[in-house]
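Everything below concerns the one structure shown next.
The values are calculated or read from the model by the stated rules, or taken from the named source; none is laboratory data. Nothing here was measured: the structure is a model prediction, and the numbers come from that model. Positions of Cβ are generated from backbone atoms using ideal geometry, with glycine treated the same way; all protein chains shown enter the neighbour counts. Side chains included, ligands, DNA and RNA excluded: accessible areas come from the protein's heavy atoms. Shrake-Rupley method; radii C 1.70, N 1.55, O 1.52, S 1.80 Å.
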Amino acid sequence: MQTTNQPIVLRLAIQKSGRLFESSVQLLRRCGIDLQNGTGKLKAAASNFPIEVYFLRDDDIPGYVADGVADLGIAGENVIYESGAAVEVVEKLGFGRCRLSIALPRDAGYSSPADLQGRRIATSYPRLLGDFLRQNGVQASIHPISGSVEIAPGIGLADAVCDLVSSGSTLFTNGLCEVTTILHSEAVLISRPELDADRLALLDKLLLRIRAVNAARRHKYILLNAPNDRIEDIAAILPGMKSPTVLPLATPGWSSLHSVVEEDRFWEIIEDLKALGAQGILVAPIEKMIV
Ligand code: ATP
Ligand code: ZN
């Protein structure tokens, strides 16, 4: 028997285990999406949002989304661009940051991509490396290998590597030196190209939540006390979402200012705030931020 009026759900593919798993599940949780029957299975439904989450290897995610097996996916830009899959990048997610870099043995000289001419480069990213070499007019031989790329020069398999780096310690312990970065990557939300109107509307709802969560992470709520004759000067460097809230304190001649600042900017302006007479500065996290 054919069932009709099936509820419309978004099918979202995320990494089943590995570096992106925790942050992906945490993002959903912060978006108020509770996954039922745990995260150890192939898939899980949400109790309070029309979404079904599939747990897959990250390398399979772009293909499944392009083929329409899933509507959305979360994976690193490195994996998505290397796959060449026809998917749309909908939103950068701000976690899983790393870079795809070329590294050479420490004693090999390097001043420009031309120094890679004729070299053998081991990588798990033949497509991205090939694009980089072509754009720089360099001919080199690419050795695709699937894991432990960093040991290739040490065993004589290659003269250089092109691999993911975050701290650089793996390269260092293998006697390699990072010489140039070919891609800065972070986790992104992707979608299949032609979502129908119902799923697009659900994606909009999900995106509103994701943006609110991520904006909140980048901002802090700031409260401070200031003499009334300094309010104008302090307000000028504390723009907030509109302008700061000013509330009178019980002490005559003093007010409390409340505002929202980008976390990065906060450290820049703290000295200026103090110089302008701000006291009792409190900085608090923001749970959600809808601009
Ligand atoms: P899977 O079993 O799903 O195939 P994997 O071993 O290929 O997992 P992980 O090592 O879990 O993948 O990395 C997943 C993603 O995390 C990478 O594709 C990349 O986008 C990101 N990432 C962030 N920092 C690093 C890093 N230092 N090294 C490798 N990947 C990183
Ligand atoms: Zn993988």
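Before moving on, here are some points about what is shown:
- Check on residue 242, touching a helix residue (DSSP H, G or I) at 6+ places or on another chain (Cβ under 7 Å), part of a loop (DSSP other than H, G, I, E, B) and within 26 Å of residue 92 (Cα to Cα): no
- Single condition residue 157 does not satisfy, out of (1) open to solvent by 40 Å² or more (accessible area, probe 1.4 Å); (2) under 19 Å from residue 59 (Cβ atoms); (3) more than 13 Å from ligand 1 (Cβ to nearest atom): (2)
- Qualifying positions in region 194-205 - closer than 19 Å to residue 62 by Cβ and surrounded by 15 or more Cβ atoms within 10 Å (Cβ to Cβ): 195, 199, 203
- Every residue from region 218-232 that is buried (at least 16 other Cβ atoms within 10 Å of the Cβ) and assigned to a helix (DSSP H, G or I): 230, 231
- Test: residue in region 74-97 that is open to solvent by less than 10 Å² (accessible area, probe 1.4 Å), within 10 Å of residue 190 (Cα to Cα) and away from ligand 1 (no atom under 12 Å from the Cβ): no
- Residue check for residue 80: of a type in the set (A, V, I, L, M, F, W, C) and closer than 20 Å to residue 144 by Cα: yes
- Residue 19, sole failed condition from (1) within 14 Å of ligand 2 (Cβ to nearest atom); (2) in a loop (DSSP other than H, G, I, E, B); (3) over 23 Å from residue 211 (Cα atoms): (3)
- Some residue of region 185-193 being open to solvent by 50 Å² or more (accessible area, probe 1.4 Å) and touching a Lys or Arg at 6+ places or on another chain (Cβ under 8 Å): no
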